[in-house]
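These notes are about the structure you will find just below.
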Amino acid sequence: MRNDKNNLIVNLTVEFALEVIEYCELLESKRKFVLANQLLNSGTSIGANVHEAQNAESKADFIHKIKIAAKEADETDYWLTLCNLASSYPNPVGMDIKITSIINVLSKIISSSKNNPS
């Protein structure tokens, strides 16, 4: 059952996805299509999986979907690192801090969900 109360990870991932979209549009304007596509796919998938987890059929299903979101977040971190290190790419200012925060929250959700018997 969906819980529409204010949800930290849902809010973080939606805000991050919007920032990813804007950054990818900048990359595309600079003809950096390959990384733009990779980053757009993984960066928006985090929130999609978190959103889907809100309607999980079971606790195991919830954990599985959050783990997929965590994997997508790790992949996004990789693409952002490449963009940050490549001299011909615009700097993704502040996005590294945001993805680290999302990864930390997802890790906490996974560990507390596994340890919580209910």
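Couple of notes before you dig in:
- Simple Cβ-charge dipole of the range 24-69, Lys/Arg +1 and Asp/Glu -1, about Cα centre, in debye nearest 20: 240
- About the Cα centre, charge dipole magnitude for the chain (Lys/Arg +1, Asp/Glu -1 at Cβ), debye: 260
- Amide H contacts under 5 Å for ALA56, placed H, 5+ residues apart: none
- Added length on full extension, which subtracts the Cα-Cα distance from 0.36 nm per residue, ALA86 to ASN41: 14.2 nm
- Rg/Rh (Cα only; Kirkwood hydrodynamic radius) as it applies to the chain: 1.02
- Convex hull per residue volume in Å³, alpha carbons only, for the range 46-88: 42
No lab work stands behind these numbers, since they all come straight from the coordinates. Quick caveat, the model's predicted, so the values are computed rather than measured. In this analysis, Cβ positions are derived from the backbone assuming ideal geometry, glycine residues included, and neighbour counts consider all displayed protein chains.
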